[in-house]
Amino acid sequence: MSETPSASVKEQGNRSAYDVVVVGAGFAGMYMLYRLRRQGLSARVFEQGGDVGGTWYWNRYPGARCDVESMQYSYSFSDELQQEWNWSERYAPQPEILQYARHVAERFNLRPHIQLNTRVEGAVFDEGTESWRVTTSDGKIVVAKFVVLATGCLSNARVPDIRGLPDFRGSVYHTGHWPHEAVDFTGLRVGVIGTGSSAIQSIPVIARQARELFVFQRTPNFSIPARNAELTAQQRDAFRKIYPEVRRFAREQARNGIYAEPPDRGALDDGDDARRAKYEQRWANGGLTFMLAYNNLILDNAANDTAADFVRGKIAEIVEDSETARLLQPDNHPIGSKRICVDTDYYATFNRPNVTLVDIRADGIEEISPCAVRAGGKDYEIDALVLATGFDAMTGSLAKIDIRGRNGRTLKEKWAEGPKTYLGLMSEGFPNLFIITGPGSPSVLSNMIVSIEQHVDWITDCLAWMRGRRVETIEATKEAEEEWVAHVNEVAQATLYPQANSWYMGANIPGKPRIFMPYIGGVGVYRRICDDIAAKGYVGFAMAAGEQSPRKAVSS
Ligand SMILES: Cc1cc2nc3c(=O)[nH]c(=O)nc-3n(C[C@H](O)[C@H](O)[C@H](O)COP(=O)(O)OP(=O)(O)OC[C@H]3O[C@@H](n4cnc5c(N)ncnc54)[C@H](O)[C@@H]3O)c2cc1C
């Protein structure tokens, strides 16, 4: 590895060489770049989008905002940054989060090292030179010692395969790929397909514009009111003062990377009145921490039922039409076993005269004609269609890159039965290829910026460790990977999560193997495991030093 960046960036025809290629310029790719540059490594980030920001560049649908509070859904690596940035609301809207990402790119001078509008098409490991040959959509080849995949867990928008969709005459939008220019639904008849997180955020906003709105629902989801509000200067200041403790708690103690009052007992330890009072208080406070009311809500069906019944009761109270309320009440999965949603006026929106809930649970959507969606034998005439159909989560964007490791084996082939990683960071047979928030790590079950920072810090430390010992390659061993995959499954099976057909399991993608992908053990526990492995000289990873082959073990 080179000492200085300029020494190692080599240009030759349509080829250049870097220490590290990073794929993606969302929060993960940007922070990775920052740390690599600080280590004096040369790095190039390729981003297929037209700007930095990842999720917040693509998801511009009406009502898009974070569901972890902004004071926490933000980088912690720079105290100056967290002290100077003023979040305007408890949950910042998408344009503000994108603005924050741009600010970070500029403040830390990242832009010169990021190439926008460029897809990474393939990455092939050359066993002779022990380096990666990365091919990009602009026809270039980039050679790099390391590749970091910061491609995002929710970055591959899923367009459902519905008969007739290409023939629809009106406009079609996907929430995860929203146009940059404002979309105005005023006076239009609109259909929204899907009732996941993006739908739940956008439906109340679209309903206020549209002449008529039809919501096509296959599976109702649990949603908790956000109680969003402007943040005052005093609130921001008070929070900033406790940042050291907030960040410490989020990293080390929290299961989900969020600073919140932790539960001290199980749901059945309280009597009916005390339990109801606690749920009322969490409901009034709003947000994801509803699930922290008790410590066994995601472990025990009877405990979970108490929370699920409470939310179903709230839906019945809010929604005036009893049949619509019944359809909106989730009844086929424990609360929290699918990503819980956070909304503003979602359930109340169904009281509007211009909004109709269409139940498609039994037969799905039959077809889309040039002017209508047909479901249950009835045509719903619309002018515009919104696909709020989510993502091919966690593995979708990785599978779209032609990644070939040792012996030419592709990552896609290796993961045909489901993703296999060690710690969610590396996959055996793919040396020097790191994944940020990969399957097998807490990722989507957490405040993702906490998980992103943890992975980036771990990778950075690992590279420094390797450099200090003149180690050229690192890769997961088969044994360590198998043990980790088994552990991830074992931990998941001890919870209620596998009871839901969720995108955590790949269940939203026809043909995708059903494997619980994220690690449920909690971000604090997971961090300690990763740190311990590093402290012991990266146990479970094979290292090779010096000349290219044969591979040698390196001891710490
Ligand atoms: C609507 C929405 C709301 C969310 N709200 C929250 C929240 O409140 N809290 C939370 O913790 N998480 C939230 N998330 C999850 C969110 O994805 C993460 O918090 C975070 O933004 C992920 O950052 P990332 O850099 O890992 O991935 P991304 O932001 O997805 O960035 C990955 C980037 O990689 C690029 N890319 C992918 N493949 C290639 C390729 N082959 N070549 C070049 N570029 C490529 C993509 O274009 C993308 O820009 C939300 C997700 C969505 C969709």
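The values are calculated or read from the model by the stated rules, or taken from the named source; none is laboratory data. This one's a predicted model, so the numbers in the text were calculated from it and none came from an experiment. Using ideal geometry, Cβ is built from the backbone for each residue, glycine included, and neighbour counts are taken over all protein chains shown. For the accessible areas, the whole protein counts, side chains as well, though only heavy atoms, and no ligand, DNA or RNA atoms are used. Shrake-Rupley method; radii C 1.70, N 1.55, O 1.52, S 1.80 Å.
Residues of the chain: accessible area per residue at 1.4 Å, in Å²? Don't skip to the end; give the middle numbers.
Numbers: 22540 Å² over 556 residues.
Accessible area per residue, the chain: 41 Å².
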Karplus (6.51, -1.76, 1.60) ³J(HN,Hα), θ = phi - 60°, over region 170-180, in Hz, Gly and Pro reported as x: x, 7, 10, 10, 10, 4, x, 8, 6, x, 7
So if I place +1 on the C-beta of Lys and Arg and -1 on the C-beta of Asp and Glu, and nothing else carries charge, what would the dipole magnitude of region 303-437 be about its Cα centre? I want it in debye, nearest 20. 980 debye
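For residue 208 and residue 464 in the same chain, what is the full-extension length gain: residue separation times 0.36 nm, less their Cα-Cα distance, in nm? Intermediate values should be presented prior to the final figure.
Numbers: separation 256, 0.36 × 256 = 92.16 nm, distance 5.35 nm.
Once the chain is fully extended between residue 208 and residue 464, it gains 86.8 nm.
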Distance-filtered residues of region 277-295 - backbone nitrogen under 19 Å, label point 7 angstrom along residue 253 Cα→Cβ: 288-295
Any idea how far apart residue 479 and residue 39 come out in nm if each label point goes 7 Å out from Cα toward Cβ? 2.7 nm
Residue 531 paired with residue 103, simple spin-label distance in nm, labels 7 Å along Cα-to-beta-carbon: 2.9 nm
Karplus couplings for region 235-247 from phi (6.51 cos²θ - 1.76 cosθ + 1.60, θ = phi - 60°), rounded to Hz, Gly and Pro as x? 5, 5, 4, 4, 5, 4, 5, 9, 3, x, 6, 4, 5
Histogram of C-alpha separations across region 207-305, 5 Å bin width, %: 2, 10, 14, 17, 18, 13, 11, 9, 5, 1
How long are the three semi-axes of the equivalent ellipsoid of region 95-154, in whole Å, if each is the root of 5 times an eigenvalue of the C-alpha gyration tensor, listed from largest down? 28, 12, 12
As I understand it, the dipole of the chain uses +1 on the Cβ of Lys and Arg and -1 on the Cβ of Asp and Glu, about the Cα centre. Which of 446, 289, 205 lies farthest toward its positive end? 446
Cα radius of gyration and Dmax for region 344-481 (Å): 22.7, 69
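Can you give the Kirkwood hydrodynamic radius of the chain from its Cα pairs, in Å with one decimal?
After inverting the mean inverse Cα-Cα distance, the result is 24.6 Å.
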Along the dipole axis of region 128-182 (charges at Cβ: +1 for Lys and Arg, -1 for Asp and Glu; origin at the Cα centre), the most positive-end residue among 157, 141, 168 is 141
Report the extension gain between residue 356 and residue 243 in nm, rounded to one decimal, defined as 0.36 nm multiplied by the number of residues separating them, less their alpha carbon distance. 36.3 nm
Can you give me the angle between helix 478-493 and the longest principal axis of the chain, using Cα atoms only, in degrees from 0 to 90, rounded to the nearest 10? 20 degrees
Over all pairs of different Cα atoms in region 452-502, the reciprocal of the mean inverse distance gives a Kirkwood radius in Å of 13.8 Å
Size of region 277-343 along its principal axes in angstrom, Cα-based, largest extent first? 34, 25, 20
To the nearest 20 debye, region 393-440 has a Cα-centred charge dipole, built from +1 on Lys and Arg Cβ and -1 on Asp and Glu Cβ, of 100 debye
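Which of rounded, prolate, oblate describes region 396-460, given a ≥ b ≥ c as roots of the alpha-carbon gyration tensor eigenvalues and a/c under 1.5 marking rounded, otherwise prolate only if a/b is larger than b/c?
On the way: a/c = 2.35, a/b = 1.68, b/c = 1.39.
Judged from the Cα gyration tensor, region 396-460 comes out prolate (a/c at least 1.5, a/b above b/c).
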Apply 1/(1 + (r/R0)^6) to the Cβ-Cβ distance of residue 416 and residue 161, taking R0 = 22 Å, and write down the FRET efficiency to the nearest 0.05. 0.60
Considering only 391, 360, 319, whose Cα is most displaced toward the positive end of the charge dipole of region 316-397, charges sitting on Cβ of Lys, Arg (+1) and Asp, Glu (-1)? 391
Would you mind giving the three semi-axes, in whole Å and largest first, of the ellipsoid equivalent to region 114-230 according to its Cα gyration tensor? 40, 18, 15
Considering amide H positions built from the backbone, and no H for Pro or chain starts, which residues 5 or more places from residue 502, or on another chain, come under 5 Å of its amide H? 507
Write down the Kirkwood hydrodynamic radius of region 132-199, to one decimal in angstroms, obtained as one divided by the mean of 1/r over all alpha carbon pairs. 16.2 Å
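When the helices in the chain are scored as -39500 (n - 2.57) per DSSP H run of 4 or longer and the sum is shared across all residues, what 222 nm value do you end up with, to the nearest 500 deg cm²/dmol? Before the final figure, lay out the partial values.
Values: 17 runs with 169 residues, N = 556.
It comes out at -9000 deg cm²/dmol, rounded to the nearest 500.
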Given Cβ point charges of +1 (Lys, Arg) and -1 (Asp, Glu) and nothing else, what value in debye, to the nearest 20, does the dipole of the chain about its Cα centre take? 1180 debye
Estimated vicinal HN-Hα couplings, Hz - region 388-403 in sequence order (Karplus 6.51, -1.76, 1.60; Gly, Pro = x): 9, 9, x, 9, 7, 6, 6, 10, x, 6, 5, 5, 7, 9, 7, 9
